[in-house]
Amino acid sequence: MTLLFQLLVNGLIVGALYGVVAMSFVLIYKASRIVNFAQGEFLLIGAWTCWWLLTSWQLPFWIGFPITLVFMLIFGVVLQVVVLRPMIGEPIISVIMVTIGLSIVFQAAMKWMFGVFAKPFPQIFASPTMDIFGLQVQTVYVVSLAISILIMAGFGWFFKYSRLGLAMRATAFDQQVAQSLGISVRQMFAMSWAISAMVSAVAGVTVGVVNGVSSALSFFGIKVFPAVILGGLDSVIGAVLGGLIVGVLENLAHYLDSQWLNWGNMYEIAPFYVLIAILMVKPYGLFGTKDIERV
Amino acid sequence: DIPVGHLADQSGGTSDVGVPYAQGVADALAYLNGKGGVNGVKLAVDTVDYGYQAPRAISQYKKWSSGSDKIAALQGWGTADTEALTAFVGKDEIPAYSGSYSGHLTDPTGKGPHGSKPAPYNFFYGPSYSDSLRGMLMWAAEDWKKKGGSGKPKYAHMGANHPYPNAPKDAGEQLAKELGFEVLPPIQFALTPGDYTAQCLTLKESGVNYAYLGNTAGSNISVLKACQTVGAKVQFMGNVWGMDENAAKAAGAAADGVVFPMRTAVTWAGSAPGMATMKEISKLSDAAGTAYRPVHYLAGVCTAFYMKEAMDWAAKNGGVTGPSIRKAMYQKKDWVPAGLEGVCMPSTWTETDHRGMTSVNIYRASVAADTGASVADLVKAGSIKLDKIATVEVPRKPEWLGW
Amino acid sequence: MANVSIIPSGDFKTSYGTDTTIFPTVTSRNFAILGVVLLLACPAFLDRYWLSLLIQIGYLGIAALGLNILVGFTGQISIGHSAFFGFGAFASAWLSNRWGIPVVLAIPLAGVMTTAIGLVFGMPAARLKGLYLAIATLAAQYILQDFFARADWFTGGTNGMIAEPLTLFGFAFDTDERYFYVVLVAMVIMYLLGTNLMRTRDGRALVAVRDHYLSAEIMGINLTKYRTMSFGISAFYAGIGGALYAHYLQFVSVEGFTIVFSIQFLGMIIIGGLGSIMGTLMGTAFMVLLPEVMQMASKLVSGTAIDAALNLKDNIAFLREMSVGLVIILFLVFEPDGLAHRWKQIKAYWKLYPFSH
Amino acid sequence: MFEARGVNLRFGGVQALTDVSFGIRKGELFSIIGPNGAGKTSMVNCISGRYKPTDGKVFFKGRDVTAMTPNHRAALGIGRTFQNLALFGHMTVLDNIMVGRHHLLKNNFLTGSLYWLTGARKEELAHRREVEEIIDFLEIQHVRKATAGTLSYGLRKRVELARAIALKPDLILLDEPMAGMNLEEKEDMARYIVDLNEEFGMTVVMIEHDMGVVMDISHRVMVLEFGKKIAEGMPEEVLANPRVRRAYLGEDDEDGEAPNAHTAQQSPEQKEVA
Amino acid sequence: MLSVNNIEVVYNDVILVLRGLSLEVPEGEIVALLGANGAGKSTTLKAISGLLKTEDGEVTRGDITFAGERINGIDPDQIVRKGIFQVMEGRRIIADMTCLENLRLGAFTRRDNGVKDDLDMVFQYFPRLKERTGLAGYLSGGEQQMLAIGRAMMARPKLILMDEPSMGLSPLMVKEVFSIIQQINKDLGVTILLVEQNARMALQAATRGYIMENGKVVLDGTADELRNNEDVKEFYLGGGNEERKSFKNLKSFKRRKRWI
Ligand SMILES: Nc1ncnc2c1ncn2[C@@H]1O[C@H](COP(=O)(O)OP(=O)(O)OP(=O)(O)O)[C@@H](O)[C@H]1O
Ligand SMILES: Nc1ncnc2c1ncn2[C@@H]1O[C@H](COP(=O)(O)OP(=O)(O)OP(=O)(O)O)[C@@H](O)[C@H]1O
Ligand SMILES: CC(C)C[C@H](N)C(=O)O
Ligand SMILES: [Mg+2]
Ligand SMILES: [Mg+2]
């Protein structure tokens, strides 16, 4: 029983991280209908940048981390301006393919620059683990959990009430209309990519601190898909919840597996079965907006 | 020229160890070319990164294995691809040296009692995965007694569901039973680094005492760290590719106490007559001569040297063709390539048994808490130490051939 | 009306029959036939390396056409195509290994089996749309991959499975030179079938579903049926492609059929042009040749001053990957509508030349 | 031919239709008018099957079709056009219209793929001929091969009509076929509709806001307001109904003069807006 | 205030739609732009508001000046900031937002504090919009049109370009909308360029009018002049001097296509 309980706690913690990545994914989607296949690489770039600042420059974490965030912000803007801006107005599917291209480029570039071997972060927190409900948890997870909750709340407010948030949604719905309203589509896109890159970096650094940085980090980019879809593509709350669900599901599946089934990798597959099941009942995920079907 | 194909994993799931190994092979072959090649003829080595994907390896092999510049020998890598290619290299008579030490590759005749397929053209340098695991299990049984453990020790196999980690699974579990272990269900984790807290929690819950880590360093590190965090007290036994200096540094204190087999007699920091040659070779890709080479580099060099010496013999006895290279492999006993004395371990291959060696050198990693510095410095400072704790002579049982 | 349709002048149709041919003009048809004839002669003068690339383009092109029918024509994104491709490969190997069915028959049968699987995994299409559906196919990808790794009886588990070469009347198509013809014939047939499909009733219905499913339904099209059917057809093509691949490589293993491969399939059709049959082939050729070209380029560079300056040697693999990604990006930035679109423009240009404005 | 019995339609909190009953006779040209948001389109959607009434039943050719899906209704002989264009934007005009023939064609993906061997070619060509006739009838020959999405609004409406005709429906539903057209084009459109009705013998249901057209060509008119039927009858009768005049035409009872569509259109002239 | 000089517009680099079109919109007036389907009216408006770019269209010759400043080639969002707001053909409201959110977006470029008051104003003009709290996508056609006009009002522009505001509206609504257009023009002093098919209403509301055919202006003048022009009467207003023909009797009658 304690095992199950501990696994659930673990699921929530990891799930929160999925949630953060899912949110940054949803952000881009909400603003531009672009499915960002390079999301995982954003994590990777964030993590490597922070790692580099901390090891090569020997910066303390509380300086290196903010610099990382600023860098990612700029990175997001530059990426948008250089690569994605020329694609404005082009078929979405082409833009999605571009993000796939980007993920290939970044993946390889990171390996080139930092090698293929996982590199550990220097120790950041005085006590690297803490006790939560009897489970030893990495401190960085707990800290990032707190940050995540803040980010999540911020996003929720942003899209519902802020002027820019509305403008982003409008841009996503119809770029031409958005322009006719005086919204600069370029600005909106640049902003969404910048914020998304920054938020991803938070997740990237967290995972990096726990497991060391390696190109494997980018698999989070794929992990977010079930999370995002479970929650509903365009829902911030959904993304968070989807992340938590996937996290818990994985651990639950692992529990069943290790105790009874002994199939081995239920851990990876179970969320997908559940995903399909949920979608059959709720075709727009738990919180996604239904498409408006009118003639 | 003598065409040689070289399949390397520089970007795939096992690139963490694939890169140094492939570098070792490439540097060694370049070095040997510099020394005049095979009887004055140079080796034309084509190194291809196949990303640890068997299908890609096979399609590459197909390009190499036909036409006028058909390769004379293959330097391969993974278990999945090498096993998949076994039938092909057998048919095409191309000796394949691999980084895979799967026991299945050790049976040239296919007469092994465990239904192995004939692998007449497969060679590798080092004890097979199965024999290494057997060695470690034998050590573990002793260790349990020595520590005064009560009851049956519990053993679990860990690794991805993939031919490479799976290769020694049955052999290990079988022997563990015979040695009096309680064998628990295997625990799966992917070949990539990730969060394996869940696996460690199960490990802890089930009270495993000895666990085999079948993956490569990158993902093993994640497991070690996660298990340290949740406080699972397990004696981990790493695969030969599962632990090295880089891994020790990356895992930090979590890697402290992990045991693993080593193929060479020394590490980069060690001293042996052959290390002079080693350092020369290393300069080919590191002119400054400052790089610290992990154990896999040395293994790569050894493998390349065996192939080259076999080619030397073949050149004198019927030409550098597949069949004569194969024959050459059987010519020596307790063979150590010239120039690498004290580095490569004496090996013997015979027409009916491709288990080059069965003695397993077991090392233990001792790692201090802070591993911030470079590997070279850490090793120098003694923060990372790899110490030999035992040499187990695994019996060359006929029923273990090809298994 | 300012609306001039850009139909070539000087090529008037006199009957509806001639207006519905595959090739808009006699010249274009002759060119296509010439192309096939040239291909027939390929094994005589191309070396094995190029042949193997052409073979790859062939079987991947078949599978990609299936994906284009699903994505480009019906508008349902699939990120699980490689799993169907894999299923076809395993199925064909299994049929011939386990049941001794001759490979010539095993290949189409594998296509049929894959169709069945495609229909099963296409069922969510009845309820899901857009990305939700796309992710359901991602789930299919993982579920099938897991199945491949687990189903020892069918796939040989993680160890993979040997596939026999195709033999016909005792003649084995086990070299590239010979297998080339197998793939060529299969490709021509599959592309003809595809073209016919798209210009008849059910093909039009698929496109209608893509463009406006609500009005399609009101025009008498059964949405559920066509959405699911499109998965079936797409899987059929994938299965045939996969089966051809299996008997070419003569070995099938789980590892090949990953999400990355699925994404590559998407790349082929997006680069070639969604909803374009010939574009599919162009896109496939692009995606197959690109890494090879990069490989050659990197070989050219190695050992030169550039190499020394950038210390490329150890990193050439990454550099190659990077340039593959980069070329894809550049390509899409300059040609977002795909190769087929560019091809059309070139044709239109020559038709109108010198009066292009 | 068609009958609605006590149709209710509700979307969450919105009651789009309340207890609407009416019948359409064979060969009739029946118009539905009413203020914006009155539920006209919703009613047509209930006929064509896009919406299922929350309550009530619809009958077509004497059959209860309430639970029938739209595609089956199409096969049964109901065709329609849409208020907000719903063409297949990336298909050519010709293909758009051919889609309309869907339920009349027999070949499927198998026989279609084998084109030459299975008679699919013959069938396609036969239908192509009929489609060309529709194209001639609606005078859109010049855009036959154009992609539907690039046409101007008026032409698109015409293509929509052509597509609906291609179904060979017995009942054709037209949702504001003349919106966004100038006078000349309206005249053309009106001519086509009358022809459809008189020459082709189709029963027509039309939603239209141009009272001139409605009054001139329809046989009977039904008026909806806030989802309720407020009037039904001959055009003149309906137009004379004070409630209709107030709710729909926006006339105050005092200045209501000759019940003539023409004046209805002109009214602002007399009543310069403050 | 706005003047369009001899512009040429090309779509997709090949399709020439406007061929030397010129027009003037004086400050404070309502100018009507009439023409057959496909004449290029919408294209003209999009050329002015800069939205052509998103449709692969381009102004290849001539220039457009607003308040003395050349504005062609400027990004559409900048043009909105300069005070030109287009109400696009087909309403184009943001379907997955509520009415309120749509209206707030109308005021996107504004930084002043009057937004709240203007919201009240819009709701006063269109009380119906206040009642509909669901997503705008579920509004009926007429309601959506109101929302689109309301959205333009929220932007407080100097010039509104309206593309067929009466399309799909009931006669009552058409009147209402036109009265609101005139009201906006009078009360708020907004200049309006109005594209309409309903020529009768448009020429009543407008002070000047242009008639275009095939991408060119073929006739212009004050609203009165146009109203009394025989050709305009025949083609746009319906019926010349004689009694208006019934639509019913047109059946076999085919009018001469296009003038000149
Ligand atoms: N799918 C839907 N979901 C929610 N409400 C809807 C839906 N469809 C229609 N409505 C509502 O039902 C009412 C009637 O809409 P309908 O489209 O039938 O009006 P209409 O009479 O066609 O108006 P118009 O002349 O403006 O087109 C409107 O208030 C509309 O908001
Ligand atoms: N994006 C586009 N690509 C190609 N051609 C276009 C495009 N948009 C419009 N056209 C063409 O330009 C011409 C003018 O179109 P426009 O929409 O400006 O006409 P309009 O006068 O507004 O007509 P309507 O009254 O039907 O709205 C039409 O022939 C149309 O087919
Ligand atoms: C894991 C890697 C070191 C490859 C390994 N040789 C194998 O057997 O697959
Ligand atoms: Mg309506
Ligand atoms: Mg227009």
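Taking only the range E:179-198 into account, find how many residues are surrounded by fewer than 24 Cβ atoms within 10 Å (Cβ to Cβ) and facing chain D (nearest Cβ under 7 Å).
Residues meeting the conditions: 2.
For the range A:184-295, please list each of the helices (runs of 4 or more DSSP H) lying entirely inside it that holds at least 3 residues being over 20 Å from C:ALA140 (Cα atoms) and within 14 Å of chain E (Cβ to nearest Cβ).
Once the helices (runs of 4 or more DSSP H) in the range A:184-295 are filtered for at least 3 residues that are over 20 Å from C:ALA140 (Cα atoms) and within 14 Å of chain E (Cβ to nearest Cβ), what remains is A:185-211.
Could you give every pair whose Cβ atoms fall below 8 Å, whose first residue belongs to the range E:41-61 and is over 10 Å from E:ASN72 (Cα atoms), and whose second residue is within 12 Å of ligand 5 (Cβ to nearest atom) and among the basic types (Lys, Arg), counting only separations of at least 6 or pairs across chains?
E:LEU52/E:LYS46; E:GLU55/E:LYS46; E:GLY57/E:LYS46
Looking only at the range C:117-131, which residues are free of Cβ contacts under 8 Å to residues at least 24 places away in the same chain, surrounded by fewer than 22 Cβ atoms within 10 Å (Cβ to Cβ) and assigned to a helix (DSSP H, G or I)?
Of everything in the range C:117-131, just one residue is free of Cβ contacts under 8 Å to residues at least 24 places away in the same chain, surrounded by fewer than 22 Cβ atoms within 10 Å (Cβ to Cβ) and assigned to a helix (DSSP H, G or I), namely C:VAL120.
If we scan the range C:48-63, do we find a residue that is without any contact (Cβ under 8 Å) to a residue 12 or more places away in the chain, aliphatic (A, V, I, L, M) and farther than 17 Å from C:MET229 by Cα?
No.
Which of the residues that make up the range A:1-14 are part of a helix (DSSP H, G or I) and either surrounded by fewer than 22 Cβ atoms within 10 Å (Cβ to Cβ) or away from chain B (no Cβ under 11 Å) (or both)?
Correct list: A:THR2, A:LEU3, A:LEU4, A:PHE5, A:LEU8, A:VAL9, A:LEU12.
Restricting to the range D:114-156, name every residue that is in a helix (DSSP H, G or I) and under 25 Å from E:VAL14 (Cβ atoms).
Listed by number, the residues that qualify are D:ILE135, D:GLN141, D:HIS142, D:VAL143, D:ALA148, D:GLY149, D:THR150, D:TYR153, D:GLY154, D:LEU155, D:ARG156.
How about the range A:31-51: which of its residues are of a type in the set (Phe, Trp, Tyr) and touching a strand residue (DSSP E or B) at 6+ places or on another chain (Cβ under 9 Å)?
Passing the criteria: A:TRP48, A:TRP51.
The conditions are (1) within 11 Å of chain E (Cβ to nearest Cβ); (2) part of a loop (DSSP other than H, G, I, E, B), and D:GLY201 fails exactly one of them. Which is it?
Of everything listed in (1) within 11 Å of chain E (Cβ to nearest Cβ); (2) part of a loop (DSSP other than H, G, I, E, B), D:GLY201 misses just condition (1).
Out of C:ALA151, C:ALA139, report the one residue that is in contact with a Gly (Cβ under 9 Å, 6 or more places away or on another chain), closer than 22 Å to C:VAL254 by Cα and surrounded by fewer than 16 Cβ atoms within 10 Å (Cβ to Cβ).
From the options C:ALA151, C:ALA139, the qualifying one is C:ALA151.
Collect the residues in the range C:199-231 that are more than 8 Å from every other protein chain (Cβ to nearest Cβ) and surrounded by fewer than 22 Cβ atoms within 10 Å (Cβ to Cβ), keeping them in residue-number order.
Result: C:TYR213, C:THR224, C:LYS225, C:THR228.
With the requirement that a residue be more than 9 Å from chain E (Cβ to nearest Cβ), part of a helix (DSSP H, G or I), away from ligand 4 (no atom under 16 Å from the Cβ) and charged (D, E, K, R), what does the range D:157-196 give you?
Once the filter is applied, which keeps residues that are more than 9 Å from chain E (Cβ to nearest Cβ), part of a helix (DSSP H, G or I), away from ligand 4 (no atom under 16 Å from the Cβ) and charged (D, E, K, R), the range D:157-196 yields D:ARG158, D:ARG163.
If you check B:THR264 against the conditions, is it touching a residue at least 40 places away in the same chain (Cβ under 8 Å), more than 14 Å from every other protein chain (Cβ to nearest Cβ), more than 27 Å from A:SER127 (Cα to Cα) and within 16 Å of ligand 3 (Cβ to nearest atom)?
yes
Answer yes or no: is there a residue in the range D:91-109 that is more than 14 Å from chain E (Cβ to nearest Cβ) and within 16 Å of ligand 4 (Cβ to nearest atom).
No, the range D:91-109 contains no residue that is more than 14 Å from chain E (Cβ to nearest Cβ) and within 16 Å of ligand 4 (Cβ to nearest atom).
Looking at the structure I just gave you, is D:ILE24 away from ligand 1 (no atom under 14 Å from the Cβ), among the β-branched types (Val, Ile, Thr), within 30 Å of D:ARG128 (Cβ to Cβ) and under 16 Å from the mean Cα position of the chain (by Cα)?
Judged against the criteria, D:ILE24 is not a match.
B:ALA84 is checked against (1) assigned to a loop (DSSP other than H, G, I, E, B); (2) hydrophobic (A, V, I, L, M, F, W, C); (3) more than 17 Å from the chain's Cα centre (by Cα); (4) within 14 Å of chain C (Cβ to nearest Cβ) and fails just one. What number does that condition carry?
For B:ALA84, the exception is condition (1).
Just to check your reading of the model, which residue among D:LEU85, D:LEU9, D:LEU17 is within 16 Å of ligand 1 (Cβ to nearest atom), within 14 Å of chain E (Cβ to nearest Cβ), in contact with a Lys or Arg (Cβ under 6 Å, 6 or more places away or on another chain) and of a type in the set (A, V, I, L, M)?
It is D:LEU85.
Might you check whether a residue that is within 24 Å of A:LYS290 (Cα to Cα) and either at pLDDT 90 or above or surrounded by fewer than 23 Cβ atoms within 10 Å (Cβ to Cβ) (or both) occurs anywhere in the range C:104-116?
Scanning the range C:104-116 turns up no residue that is within 24 Å of A:LYS290 (Cα to Cα) and either at pLDDT 90 or above or surrounded by fewer than 23 Cβ atoms within 10 Å (Cβ to Cβ) (or both).
From the list E:ASP13, E:ASP63, E:ASP75, which residue is of a type in the set (Asp, Glu) and within 19 Å of A:ILE183 (Cβ to Cβ)?
From the options E:ASP13, E:ASP63, E:ASP75, the qualifying one is E:ASP75.
Within the range E:153-173, can one find any residue that is in contact (Cβ under 8 Å) with a residue 40 or more places away in the chain, aliphatic (A, V, I, L, M), part of a helix (DSSP H, G or I) and more than 12 Å from chain D (Cβ to nearest Cβ)?
yes
Can you work out which of the residues in the range C:172-187 that are surrounded by fewer than 15 Cβ atoms within 10 Å (Cβ to Cβ) and aliphatic (A, V, I, L, M) is modelled with the lowest pLDDT?
C:ALA172
Show the residue pairs meeting these rules: Cβ distance below 7 Å; 6+ apart or different chains; first residue within the range D:93-118 and over 18 Å from C:LYS225 (Cβ atoms); second residue aromatic (Phe, Trp, Tyr).
D:ASN96/D:PHE88
Quick one: is A:ALA172 of a type in the set (A, V, I, L, M), more than 21 Å from A:ASN10 (Cβ to Cβ) and facing another protein chain (nearest Cβ under 10 Å)?
Spelling it out, A:ALA172 is indeed of a type in the set (A, V, I, L, M), more than 21 Å from A:ASN10 (Cβ to Cβ) and facing another protein chain (nearest Cβ under 10 Å).
Could you list, in sequence order, all residues of the range B:203-224 that are within 11 Å of another protein chain (Cβ to nearest Cβ) and surrounded by fewer than 24 Cβ atoms within 10 Å (Cβ to Cβ)?
Answer for the range B:203-224, where residues must be within 11 Å of another protein chain (Cβ to nearest Cβ) and surrounded by fewer than 24 Cβ atoms within 10 Å (Cβ to Cβ): B:LYS204, B:GLU205, B:SER206.
Search the range B:176-191 for residues being within 25 Å of the chain's Cα centre (by Cα) and buried (at least 22 other Cβ atoms within 10 Å of the Cβ), and hand back the single one that is modelled with the highest pLDDT.
Ranking the candidates gives B:ALA176 first.
Could you list, in sequence order, the residues of the range D:144-155 that are out of contact with any strand residue (DSSP E or B) (no Cβ under 9 Å at 6 or more places or on another chain) and more than 9 Å from chain E (Cβ to nearest Cβ)?
The answer is D:GLY149, and nothing else.
So B:ALA253 ticks every box in (1) under 29 Å from B:MET357 (Cα atoms); (2) touching a residue at least 60 places away in the same chain (Cβ under 8 Å) but one. Which box is left unticked?
(1) is the only condition that B:ALA253 fails.
With the requirement that a residue be within 25 Å of B:VAL375 (Cβ to Cβ) and of a type in the set (S, T, N, Q), what does the range A:93-131 give you?
A:GLN107, A:GLN123
The values are calculated or read from the model by the stated rules, or taken from the named source; none is laboratory data. Not measured: the values here are computed from a predicted model. Cβ: placed from backbone, ideal geometry, glycine included. Neighbour counts: every protein chain shown.
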